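Engineer: Dumping the structure here so I can ask a few things about it.
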Amino acid sequence: MNEPPSSAVPRWRRLGDAFPSVPPEVLTPLEPALEPVKLRGGETLFLQGKPGDALYVIEHGRLAVFVTRPDGERIRIGEAGAGEYVGEGSLLT
């Protein structure tokens, strides 16, 4: 069976990909609060050390993850892709 296009999939279902242990009836009420954010290559989503007030679920594409050392050097420590999340994980607790 073919999957429907992403735009036809309810947002809670896409959240469900990132949070498979959370039942749909818990995710569905969160749908009105979801806001899409589109980035171009090389754009910064958020900065290390800044207060976190959002959790970002990656719908498609990839994000590079960097940390900045005390001497100012940026080091790539990984990346995240579709179905993964980045940001303020404490919003989930």
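The values are calculated or read from the model by the stated rules, or taken from the named source; none is laboratory data. Values in this document were obtained by computation on a predicted structure and should not be read as measured data. In this analysis, Cβ positions are derived from the backbone assuming ideal geometry, glycine residues included, and neighbour counts consider all displayed protein chains. Surface accessibility is based on the protein's heavy atoms, side chains included, excluding ligands, DNA and RNA. Shrake-Rupley method; radii C 1.70, N 1.55, O 1.52, S 1.80 Å.
Engineer: Kindly provide the set of residues from the range 49-61 that are of a type outside the set (D, E, K, R) and either outside any loop (DSSP other than H, G, I, E, B) or surrounded by 10 or more Cβ atoms within 10 Å (Cβ to Cβ) (or both), ordered by number. Quick ask: steps written out before the conclusion?
Structural biologist: Start the filter on the range 49-61 by keeping residues that are of a type outside the set (D, E, K, R), which leaves 49, 51-52, 54-58, 60-61.
Of everything in the range 49-61, those that are of a type outside the set (D, E, K, R) and either outside any loop (DSSP other than H, G, I, E, B) or surrounded by 10 or more Cβ atoms within 10 Å (Cβ to Cβ) (or both) turn out to be GLY52, ALA54, LEU55, TYR56, VAL57, ILE58, GLY61.
Engineer: For the range 41-62, enumerate the residues that are at pLDDT 85 or above and on the phi > 0 side of the Ramachandran plot.
Structural biologist: Those that are at pLDDT 85 or above and on the phi > 0 side of the Ramachandran plot: GLY42, GLY61.
Engineer: Among the acidic types (Asp, Glu), assigned to a helix (DSSP H, G or I) and at pLDDT below 85: which single residue out of GLU35, GLU31 fits that description? Before you say what the answer is, go through the steps one by one.
Structural biologist: On the way: GLU35 fails: assigned to a helix (DSSP H, G or I).
One residue alone meets the criteria, GLU31.
Table: residues versus (1) of a type in the set (A, V, I, L, M, F, W, C); (2) surrounded by 10 or more Cβ atoms within 10 Å (Cβ to Cβ); (3) at pLDDT below 80; (4) touching a Gly at 6+ places or on another chain (Cβ under 6 Å).
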site: SER21; (1), (2), (3), (4): no, no, no, no
site: LEU39; (1), (2), (3), (4): yes, yes, no, no
site: ALA64; (1), (2), (3), (4): yes, yes, no, no
site: GLY81; (1), (2), (3), (4): no, yes, no, no
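Engineer: A further question on this structure: How many of the residues in the range 68-78 are among the aliphatic types (A, V, I, L, M) and open to solvent by less than 50 Å² (accessible area, probe 1.4 Å)?
Structural biologist: Keep residues of the range 68-78 that are among the aliphatic types (A, V, I, L, M), which gives 75, 77.
After this cut, where a residue has to be open to solvent by less than 50 Å² (accessible area, probe 1.4 Å) as well, the list is none.
Adding up the residues that qualify gives 0.
Engineer: Within the range 83-93, count every residue that is touching a residue at least 40 places away in the same chain (Cβ under 8 Å), part of a loop (DSSP other than H, G, I, E, B) and open to solvent by 80 Å² or more (accessible area, probe 1.4 Å).
Structural biologist: Within the range 83-93, residues that are touching a residue at least 40 places away in the same chain (Cβ under 8 Å), part of a loop (DSSP other than H, G, I, E, B) and open to solvent by 80 Å² or more (accessible area, probe 1.4 Å) number 1.
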